[in-house]
Amino acid sequence: MGYTSDMELYHVINKGVDGRDIFLDTQDYARFVHDLYEFNDTAPATEFLGITVPEMSGRTTSRHRERLVDIHGWELMKNHYHLLLSERIEGGMTLFLRKMSGYARYFNERHGRQGTLFQGRTKKILIARQEHFLYILHYLHLNSLDYLPGARKWRERDKGTLSDIPKILEYLQNYRWSSYLDYCGTPNFPSILTTSLFGEALGPDYSSALKEYLVDRDLEKMNLKLLEY
């Protein structure tokens, strides 16, 4: 299955104002993951400061949830985040992103700050080409290599830049704040993720697909100006 024109997939990005960190510790990361689950619902969100992530607590609900969007991929970095979203209902993305502003209220209250947390309006990039679709999930998951010494030049066009691919794959297995683990079959935060779109396109063995991409990637096809933020 490839990317079809009957749905619109968006790469959604935002970062901290003036480049500031928006995640200061594990609790902040976990809260944002919680919000990805809690706010993806047509019902009004119940905001609170405590951390209650479904996979951490075993919490269940008898109420049927009606999701606003499908989250096909995600990656959290210290000062920004990436999401791959498609709407399930008309206007769902706008409402979901508006509700996600609840994270900023949580962050400001917890850390005793005031003012805007995110830099301007959330950036939304339509995935309009098959070539873009086939590498965008890999791009999200590789962002955490910015924290791995010796791999920080992973965006460069030289195919020889990444010399220790097994080390890179091991590092990705230990980076919890992305959809990588769930795509590789290791349950992390599966309830927030829809894997069918990329699972059918990239095959059942995502780790091998990413490894093949790292070995054979043709970055001449990539428009990095669309991806960098």
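Residue pairs exceeding 25 angstrom between C-alpha atoms, taken from K99/K211; K99/K153; K99/K123; K123/K167: K99/K211; K99/K153; K123/K167.
Listing Y29, Y81 from fewest to most neighbouring C-beta atoms within 10 Å gives Y29, Y81.
Note on S86, S101, S178: ascending count of other Cβ atoms within 10 Å places them as S101, S86, S178, the fewest first. Database remark: amide H of D41 closer than 5 angstrom to the amide H of L68 (H placed geometrically; neighbours at sequence offset of 5 or more, or on other chains; Pro and chain starts carry no H). Across region 102-119, computed HN-Hα scalar couplings (Karplus, 6.51 cos²θ - 1.76 cosθ + 1.60, θ = phi - 60°) run x, 5, 4, 5, 4, 4, 5, 5, 5, 9, x, 10, 10, x, 5, 8, 9, 8 Hz from first to last residue, x flagging Gly and Pro. With neighbour counts taken as other beta-carbon atoms within 10 Å, the residues W177, W74 rank, fewest first, as W177, W74. With a cut-off of 14 Å between beta carbons, the residues surrounding D25 carry a summed charge of +2, where Lys and Arg count +1 and Asp and Glu -1.
No value in this document is a laboratory result; all are computed from the given coordinates. Every value quoted in this text rests on a predicted model; they were computed, and no experiment measured them. Note: ideal-geometry Cβ built from the backbone for every residue, glycine included; neighbour counts use all protein chains shown.
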